[in-house]
Amino acid sequence: MAEETSTLAERPERPLPPVRDWPAGELNATEFEPVLAELMREGPLTRIRLPYGEGWAWLATRYDDVKMITNDPRFSRREASVRQVTRLAPHFAPRPGALAWADQPDHNRLRNAVSAAYTVSAVKRLRPRAQEMLDALVDGLVADGPPADLVERVLEPFPINVVCEVMGVPAVERQKLHDWTREIISTAGGAEASEEAKKGLFGWIGEAVRERRDSESDGDSEDVLSLLGGAVRRGELGLEEAISVAGPLQIGGEAVTNNSGQMFYLLLTRPELLQRFRDDPASRPAGIEELLRHIPHRAAVGLPRIATQDVDIHGTRVSAGDAVYVSYLAANRDPDVFPDPDRIDFDRDAGAHVSFGNGPHFCTGAVFSRMQIELLIDTLLKRLPGLRLAVPADQVPFRQRTMIRGPVALPVTW
Ligand code: HEM
């Protein structure tokens, strides 16, 4: 079955490839998922079945196809939100108004309500405050001395604090929100725990947006909850929609923790990369893009789309109604775009990677995440000369049964 590739491309219609089970089991550190590597070899388009949901879905792994599908309105997110598509997560309750599940024109309307908080200039204004929050955490780390868990002391609290700052979450509430968001991205606690966490988070956000909607201030505050409160007051979006927009933005903090966790793991286990960053700070911006390209940010695949018309891809007909996944991870390893793709090479131009997605659903937090990652690399390399793992690499525990991959802890010394 693995051989059904290019020779069939000339035929008007290729036979359907077999449906491959993708159990998405235990994963090893930052290893590229072996099942995904096989699927990439099997063809530009394969068919997969994930552990939950119903039926099968197409999977596109080539860079050009991933870019095409994610930018083509014939593939609908809204349609996928009302179907039990085969999926990685056991629980599935898309909220009406969630950015990730909206099509145009709703998607623009929802996204415009918060976009001011995530522009390049907003992130630039936030940077000094973010640096201050990071410095305070590193001061504590240095004062207590080695060894320490870098995840617990810095990589977890820093993005959570910055996200809470942008959202307008008061300091005393931050830990509670973090407990909920961590539970939501885990698949380990099962549907009940995740539903409880979502109830807590969305309930809290609803209260906060209502308060800001009704507040006397005329809303010159830039925080996301205030932007949403103002938009609800002006009738640009409903309260339920505002809650659905805010939830994933709050959850986004977990993405930076896990992504930077993988980044530091790679730097600490490949001394030549860390040394290059130390000796040549000018290599850092390109090096960070290359690490973003390389890091397997998530397990399996993200959210599906549904074809609303028949679409021909390389002679294979994707029929109206079929579910379609793209793999950004696979696209980032497409050898036609990134030669010798498994190698980490700080001298390559990795800027075209799709680690933050592509098209209208491109990650809202991309600029914001890059700023945090830059601060983390610059600050930790400066303040902790001699930073290294305090345990052998194979003893660093990584999250299992999770959607977003990353180390549970990074025991370090310096
Ligand atoms: C969407 C990656 C951090 C908020 C996405 C997508 C990817 C991604 C691949 C999906 C694109 C698609 O659906 O096709 C990442 C990575 C991050 C990160 C690698 C960290 C390094 C964040 C942060 C936030 C955030 C910090 C919150 C501020 C979102 C939202 C969406 C999204 C709201 C949905 C956007 C939409 O559908 O319009 N992200 N993300 N992400 N991300 Fe991120």
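The values are calculated or read from the model by the stated rules, or taken from the named source; none is laboratory data. Only a predicted model underlies this, so the values are computations on that prediction, with no experimental measurement involved. Quick reminder, even Gly has a Cβ in these numbers, built from the backbone with ideal geometry, and neighbours come from all protein chains shown.
If you go through the stretch 101-152 and keep only what is in a loop (DSSP other than H, G, I, E, B) and among the aliphatic types (A, V, I, L, M), you end up with A102, A113, V114.
Restricting attention to the stretch 254-298, the residues being away from the ligand (no atom under 13 Å from the Cβ), buried (at least 19 other Cβ atoms within 10 Å of the Cβ) and outside any helix (DSSP H, G or I) number 0.
Residues considered: D345, D312. Of these, the only one that is of a type in the set (D, E, K, R) and either under 28 Å from W56 (Cα atoms) or crowded, with 20+ Cβ neighbours inside 10 Å (or both) is D312. State yes or no: is G230 surrounded by fewer than 23 Cβ atoms within 10 Å (Cβ to Cβ) and not in a helix (DSSP H, G or I)? Criteria not met by G230.
Condition test on P146, is it farther than 22 Å from E254 by Cβ and at pLDDT below 95? No. Scanning the stretch 78-98 for residues that are under 25 Å from V35 (Cα atoms) and either buried (at least 21 other Cβ atoms within 10 Å of the Cβ) or within 20 Å of the chain's Cα centre (by Cα) (or both) yields A80, V85, T86, R87, L88, A89, P90, H91, F92. One residue alone among I185, I251 is within 30 Å of F346 (Cβ to Cβ), among the β-branched types (V, I, T) and either within 13 Å of the ligand (Cβ to nearest atom) or without any contact (Cβ under 8 Å) to a residue 40 or more places away in the chain (or both), and that residue is I185. The single condition among (1) under 26 Å from T379 (Cα atoms); (2) more than 14 Å from the ligand (Cβ to nearest atom); (3) more than 21 Å from the chain's Cα centre (by Cα); (4) of a type outside the set (A, V, I, L, M) that D223 does not meet is (2). Considering the stretch 233-248, and only residues there that are within 16 Å of the ligand (Cβ to nearest atom) and over 22 Å from P159 (Cβ atoms), the residue that is surrounded by the fewest Cβ atoms within 10 Å (Cβ to Cβ) turns out to be L237. In summary, D280 fulfils each of the numbered conditions (1) modelled with pLDDT of 95 or more; (2) under 11 Å from the mean Cα position of the chain (by Cα); (3) of a type outside the set (S, T, N, Q) with the single exception of condition (2).
Results for (1) within 13 Å of L292 (Cα to Cα); (2) more than 16 Å from the ligand (Cβ to nearest atom), shown as yes or no for each residue.
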residue: V337; (1), (2): no, yes
residue: F346; (1), (2): yes, yes
residue: G357; (1), (2): yes, no
residue: E374; (1), (2): yes, no
residue: T379; (1), (2): no, yes
